[in-house]
Amino acid sequence: MSTISLANINHDTSQQHLAPYAAQDALSIGRLYPEPKASYRGEFQRDRERIIHSTAFRRLEYKTQVFVNHEGDLFRTRLTHSIEVAQIARAIARALRLNQDLCEAIALAHDLGHTPFGHAGQDALNECMREHGGFEHNLQSLRVVDKLELKYPQHIGLNLTFETREGILKHCSRNNAKRLGPLGQRFLQRTQPSLEAQLTNIADEIAYNNHDIDDGLRAGLITVQQLSEIELFSEHFAMATKQYPTISERRKIYESIRRIINELVTDLINTSQTAIELKSPACIEDIRTTIEKPLIHFSEAMRNKNRVLKSFLHKNLYQHYRVHRMSKKAKQIISDLYSAFFNDIHLMPNEYRDHADIFQQQKGDSGRARVVADYIAGMTDRYAIVEHERIFNARII
Ligand code: MG
């Protein structure tokens with residue numbers, strides 16, 4: 001029988017050749033509940049693996065990005081979106097000698113708090129929670145990893161490092177920041193997070209702008225002709241057409257999107273590298289105490305081109321009447337479910353009912369409302385639709 005020896009395994013789990021201002025395992029601020037170090041994995045690698053093993057991560061497969069899950073098999077879901085964000089973030093991190101494992105952990109966790117039905121679902125739940133502290137998906141992502149995942153005997157949540165939690169919390173109101181201890185400080189002092197957090201935030205934007213072009217075209221909600229007025233798309237589509245005149249339009253679209261991502265990423269790397277060199281930070285604390293704008297950013301020209309694309313997508317895709325119809329139905333489902341559960345917690349599964357009961361005793365109506373919001377936010381699109389049927393359709397059990 002063969003035995004596995006750890007003797008020959010590289011115990012130096014840190015990424016080689018990191019910049020001095022990159023996040024580093026050995027210098028991590030640490031976890032909420034202290035733990036011994038793993039023998040063959042780095043701290044951020046561990047975070048990433050905990051996220052992948054979480055229940056919330058698996059649910060991303062059936063949550064809306066723009067298109068509701070049952071609208072088609074080829075559209076992005078929150079899961080494929082998160083994976084695309086992770087790979088763009090890794091590429092940028094590698095080029096800038098920043099911590100790839102940390103970027104990947106942040107990317108894979110950044111949308112864990114999203115409700116079913118994307119932004120329509122969040123807006124509806126926020127409206128329902130107006131008198132009880134509101135609902136914000138970004139804050140909910142932190143709540144999922146800090147409190148709602150119950151997988152470990154020693155603590156609630158996934159007990160991730162400060163650095164991963166810092167990256168997950170992209171924005172935060174001052175009121176919420178005051179409740180979050182060290183993690184909330186930067187929103188009160190208006191300082192910046194790690195470069196890994198900054199770049200993963202932009203990788204998110206690069207990913208969704210580009211895959212939404214692809215999905216929007218595939219769904220027939222936007223056209224190549226409309227996009228020809230958008231500089232960022234039209235110049236690459238023209239080049240792809242010139243270079244490959246005989247290929248199908250779909251392949252030209254893929255080629256254009258590939259080139260757009262490359263242009264955005266290249267600009268981001270070059271501009272950020274210059275900004276970093278100018279500031280010449282010695283360590284991650286020099287990054288965190290920066291008060292001016294983030295060091296990771298696009299050039300002025302690229303920011304303008306990107307802005308035009310974003311507003312095009314906003315007007316023509318996210319506000320398209322077919323997307324709007326689904327959003328309207330989604331909001332109805334979320335607010336119906338919320339009212340039903342808030343008014344009668346016995347309609348929820350026992351575990352949530354018991355939690356709601358305890359939270360009601362401890363924190364009043366707002367405590368009960370938070371448990372209802374946690375239950376609804378955790379649902380996938382299809383689960384929310386089925387649950388709505390079960391509650392409101394007498395013929396469904
Ligand atoms: Mg995202």
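Things to note:
- Where only C-alpha atoms are counted, convex hull volume of region 41-154 per residue in Å³: 121
- Phi angles across region 202-213 convert, under the Karplus curve 6.51 cos²θ - 1.76 cosθ + 1.60 with θ = phi - 60°, into 3J(HN,Hα) values of 6, 4, 4, 5, 4, 4, 6, 4, 7, 6, 6, 4 Hz, Gly and Pro given as x.
- Share of carbon and sulfur in the accessible heavy-atom surface of region 205-293 [1.4 Å probe, %]: 54
- Diffusion constant of region 137-179 at 37 °C, which comes from Stokes-Einstein with the Kirkwood Cα-pair radius and 0.692 mPa s, µm²/s: 301
- Under 5 Å, built H, 5+ apart or other chain: amide partners of Ile296: none
- Averaging the sequence gap over all C-alpha pairs within less than 8 Å and six or more residues apart, then dividing by the number of residues, gives region 284-397 a relative contact order of 18 percent.
- Largest mean-square fluctuation among Glu285, Glu300, Glu127, in a Gaussian network model of the chain whose springs join Cα atoms under 10 Å apart, belongs to Glu300.
- With Cα atoms as the point set, the radius of gyration and Dmax of region 269-397 evaluate to 23.4, 67 Å.
- For the chain, the solvent-accessible area works out to 50 Å² per residue, with a probe of 1.4 Å and every protein chain left in place.
- Rg of the Cα atoms in the chain, relative to 2.2 N^0.38 Å, amounts to 1.05.
- Taking Cβ atoms as reference points and 11 Å as the exclusive limit, the residues near Gln185 contribute a net charge of +3, counting Lys and Arg as +1 and Asp and Glu as -1.
- Pair Gln226, Leu27: separation of 7 Å Cα→Cβ label points (nm): 4.7
- Pairs spanning more than 25 Å between alpha-carbon atoms, out of Lys147/Lys310; Lys63/Lys170; Lys178/Lys293: Lys147/Lys310.
- Region 154-218 and region 364-387: distance between their alpha carbon centers, rounded to Å: 23
- Packing-based order for 235-243, 272-280, using average beta carbon neighbours within 10 Å, highest first: 235-243, 272-280
- Relative intensity of region 100-155 on a log10 scale, I(q)/I(0) at q = 0.20 Å⁻¹, equals -0.80, per a Debye sum over C-alpha point scatterers of equal strength in the absence of solvent.
- Seen from Glu163, the other residues with C-beta closer than 11 Å to its C-beta sum to a net charge of -3, counting Lys and Arg as +1 and Asp and Glu as -1.
- Apolar share of the accessible surface for region 50-147: 46 percent from carbon plus sulfur atoms, 1.4 Å probe.
- Of the two radii for region 226-310, the radius of gyration is 1.15 times the Kirkwood radius, both from the alpha carbons; that is the Rg over Rh value.
- Relative contact order (percent, whole number), the chain, Cα cutoff 8 Å, 6+ residue spacing: 20
The values are calculated or read from the model by the stated rules, or taken from the named source; none is laboratory data. Model, not experiment: these values are computed from the prediction. For neighbour counting, all protein chains shown are included, and Cβ atoms are generated from backbone atoms with ideal geometry for every residue, glycine included. We work out accessible area using only protein heavy atoms, side chains counted, and drop any ligands, DNA or RNA first. Shrake-Rupley method; radii C 1.70, N 1.55, O 1.52, S 1.80 Å.
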